[in-house]
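Q: There's a structure below that I have some questions on.
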Amino acid sequence: MHTHFSTTFNLFKAEVNRLSTLHIPTRQIKSRADLPWVTHKIVKLIRKRDKLYTKLKRSCSNKSHYTEKFKHLKSTIQKH
């Protein structure tokens, strides 16, 4: 009875691996850390900008406030 479970589990595992390889997209992304001009300060600003963008998209009432802050932060990052 133990071997039947092992065989069934191995078949299940093989099928999950096959389907994940077939249907889950994978891609290589280049890290910003590889770029010598992207300093720790710039990375922190980029994270802050991304969080602000999320708040901007979720916001209903303060859109103009978040938009101005986002634009200012974006230009600051581009200047560095």
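No lab work stands behind these numbers, since they all come straight from the coordinates. Fair warning: this is a prediction, and the values are worked out from it, not measured in the lab. Don't worry about glycine lacking a Cβ; one is built from the backbone with ideal geometry, like all the others, and counts go over all protein chains shown.
Q: Consider segment 41-77. How many of its residues are out of contact with any Leu (no Cβ under 8 Å at 6 or more places or on another chain) and of a type outside the set (D, E, K, R)?
A: 14
Q: Can you pull out the residues in segment 27-53 that are among the β-branched types (Val, Ile, Thr) and over 16 Å from Ile77 (Cβ atoms)?
A: Scanning segment 27-53 gives a single hit, Ile29.
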